[in-house]
Amino acid sequence: MKTNYCYILLLAAAGILSTSCKKEAAPGITDNLGIVQQFTPPADAAPMVKELYGKYNVWVRMDFNNWKEVTNAILDTDPFNRYGVGKIEDADRESALIYSKKLLSGVSDKYAKTFFPLEFFFVKTYGAGYWASELKRIGRSRLVICWPNHLKDALPITDPENHYYQDSVLAHQIWSNIGIMVGARMEAPILEFALAGKAYDNRQALDKLDKELDNDGDLEKWIAAKEELAKNGGFITASGSTTFESDFAEWLELLALESYSNIKTKYLDNSPARAKKYEIIIKYFKSYDWDIQATGNLYRQKHDE
């Protein structure tokens, strides 16, 4: 009797499921989920926020009601921040917007819309004590930037219009983070670029060099060996030998912030592998309408001035 009862229940459930499916034979898109509104600037956003979002699809954010809104990004979350987030001071908002515009002005809108993080989120503080960060990547979609920034050796903001060019410490750190986030958004490595240098080895070469240093304590030998690894492998530093993402991020950072003459002297003239990879990656960026070397030339010129 109990078996018959269970059988009847199963038949009833199947009937309900069948009926519900028949009500919408061709399921469609559910309207008004609010996703677009949640992840785009509000109607009352500052004009420059709307301008940058419209041109580059990057939302320069500063406002939140609960600090967990900052740590919970579009595609990822930061579970390690236990001490909250401080909201940016009103007096610092304009300089943060100017900085963002200067940085993005050197990037083609086509490339930014395809690969850049979706948000630059400016805050006053992020975490505290051991957990504090001046810059924080949350997944591949949100870069949190403390403003004003207090990275070691970073400069105070005395000239907002030119701070991007003046403070190379901050610029290098931001571009390094952007490079990693861009690499995470790429569907696949740039094959020709990767094949032009030594194969990536997931730290095998670096671990071997570190072990030799532990054994003999010869720091000069260790430094020279790492430089040789980078030069022969086509990497900016030996760290690029680990993965494509690390290699690409270092090249992106270098090209966006350094002149061709300096790159040629320091990296290309002494390494055929790097010279070949340079040609390939420049061509790659130009396929997205980005003359990244012109961006680096301008940055070096402005910085030197």
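Residues that are among the hydroxyl-bearing types (Ser, Thr, Tyr) and over 23 Å from residue 112 (Cβ atoms) within region 247-300 comprise 261, 265, 267, 271, listed in sequence order.
For the subset of region 88-119 comprising residues that are more than 20 Å from residue 295 (Cβ to Cβ), part of a loop (DSSP other than H, G, I, E, B) and aliphatic (A, V, I, L, M), which member is least open to solvent (accessible area, probe 1.4 Å)? Step by step, filter region 88-119, then rank; the result is 88. The residues of region 120-139 that are open to solvent by 60 Å² or more (accessible area, probe 1.4 Å) and either modelled with pLDDT of 95 or more or not aromatic (Phe, Trp, Tyr) (or both), listed by number, are 124, 125, 129, 137. Residues in region 181-193 that are more than 18 Å from residue 277 (Cβ to Cβ) and either at pLDDT 95 or above or not in a loop (DSSP other than H, G, I, E, B) (or both) were compared, and the one that is least open to solvent (accessible area, probe 1.4 Å) is 181. Exactly one residue among 242, 237 is more than 16 Å from the chain's Cα centre (by Cα), at pLDDT 95 or above, open to solvent by 50 Å² or more (accessible area, probe 1.4 Å) and closer than 27 Å to residue 135 by Cα, and that residue is 237. Within region 251-282, restricting attention to residues that are of a type outside the set (Lys, Arg) and more than 17 Å from residue 297 (Cα to Cα), the residue that is surrounded by the most Cβ atoms within 10 Å (Cβ to Cβ) is 271. Considering only residues in region 21-65 that are surrounded by fewer than 15 Cβ atoms within 10 Å (Cβ to Cβ) and of a type in the set (Lys, Arg), the one that is modelled with the highest pLDDT turns out to be 22.
Could you say whether any residue in region 164-172 is within 25 Å of residue 88 (Cα to Cα), in contact (Cβ under 8 Å) with a residue 24 or more places away in the chain, within 16 Å of the chain's Cα centre (by Cα) and surrounded by 15 or more Cβ atoms within 10 Å (Cβ to Cβ)?
Taking every residue of region 164-172 in turn, at least one turns out to be within 25 Å of residue 88 (Cα to Cα), in contact (Cβ under 8 Å) with a residue 24 or more places away in the chain, within 16 Å of the chain's Cα centre (by Cα) and surrounded by 15 or more Cβ atoms within 10 Å (Cβ to Cβ).
The values are calculated or read from the model by the stated rules, or taken from the named source; none is laboratory data. Small disclaimer: the values here were computed from a predicted structure and weren't measured. Every residue, glycine among them, receives a Cβ derived from its backbone with ideal geometry; neighbour counts consider all protein chains shown. Just the protein is used for accessible areas: all its heavy atoms, side chains included, with ligands, DNA and RNA removed. Shrake-Rupley method; radii C 1.70, N 1.55, O 1.52, S 1.80 Å.
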